[in-house]
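Here the structure is laid out as structure tokens; the discussion comes afterwards.
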Amino acid sequence: MKKMKRLLSVLLIMICVNLTANAATIGYADFQKVLSEYSFARNAYKDIDNKYTELQEYAISKDKQYKTIESPIQKKTFEDQTQKEFQAKEERIYNLRNQKEKVIRDNVMAACKAVAAAKKLDAVVDGGVIYAGGVDVTNDIIQYLNSQPQK
């Protein structure tokens with residue numbers, strides 16, 4: 001009977017150790033904080049905002065020019081030309097924003113993978129869905145991103 005209890009105890013301990021050894025370790029991060037403290041992302045979004053401000057200034061400037069034109073034919077020509085220029089400028093800003101966001105997204109993904117590997121985590125998820133448990137790796141991701149050369 002003693003041997004049976006001892007065997008059951010050892011078996012129970014082995015099962016518990018095995019369960020804890022195979023438990024997934026989840027990391028989580030506050031990605032809003034990551035983006036706000038990632039210097040490349042801050043600079044990229046600031047650059048994009050400046051481009052939109054320039055576009056607004058362009059529109060205001062063209063509106064002032066439009067008001068000085070008296071001929072209806074010249075007004076129509078001016079409108080058409082200005083609309084084409086405005087759309088081209090807007091398209092360039094849109095493409096720039098998409099390009100920068102792709103670089104940011106790729107860099108954040110690489111940082112998550114590097115931090116997960118370094119901390120031996122099975123996954124990194126958005127911290128907004130974690131109520132208990134897990135490992136907060138927000139600052140580790142920010143530190144990793146800001147230590148990398150800027151593209």
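Three principal axis extents of the stretch 48-115 based on alpha-carbon atoms, in descending order, are 64, 16, 6 Å.
The label point for Lys75 and the one for Leu55, both projected 7 Å from the Cα toward the Cβ, are 2.6 nm apart. Between Asn43 and Asp136, the FRET efficiency from the beta-carbon distance, with R0 = 25 Å, is close to 0.50. The phi-based Karplus calculation (6.51 cos²θ - 1.76 cosθ + 1.60; θ = phi - 60°) puts the 3J(HN,Hα) values of the stretch 64-76 at 5, 5, 4, 5, 8, 7, 9, 6, x, 5, 5, 4, 5 Hz, whole numbers, x for Gly and Pro.
Pairs over the 32 Å Cα-Cα cut-off, from the set Lys51/Lys76; Lys62/Lys100; Lys84/Lys113: Lys84/Lys113.
The phi torsions of the stretch 32-42, fed into the Karplus equation with coefficients 6.51, -1.76 and 1.60 and a -60° offset, translate into couplings of 5, 5, 4, 5, 6, 9, 7, 4, 4, 5, 4 Hz, rounded to whole numbers, with Gly and Pro shown as x.
Among Glu90, Glu54, Glu70, the ranking by other beta carbons within 10 Å of each residue's beta carbon, starting with the fewest, stands as Glu70, Glu54, Glu90.
Sequentially through the stretch 129-139, phi angles give Karplus couplings (6.51, -1.76, 1.60; θ = phi - 60°) of 10, 9, 9, 7, x, x, 10, 6, 10, 3, 5 Hz, Gly and Pro residues having no value and appearing as x. Backbone amide hydrogens, once placed in the peptide plane, bring Val124 within less than 5 Å of Gly27, excluding anything fewer than 5 places away on its chain.
Read the figures in this text as sums done on the coordinates, not as results from a lab. Keep in mind that this is a model prediction, so the values were computed, not measured. Cβ: placed from backbone, ideal geometry, glycine included. Neighbour counts: every protein chain shown.
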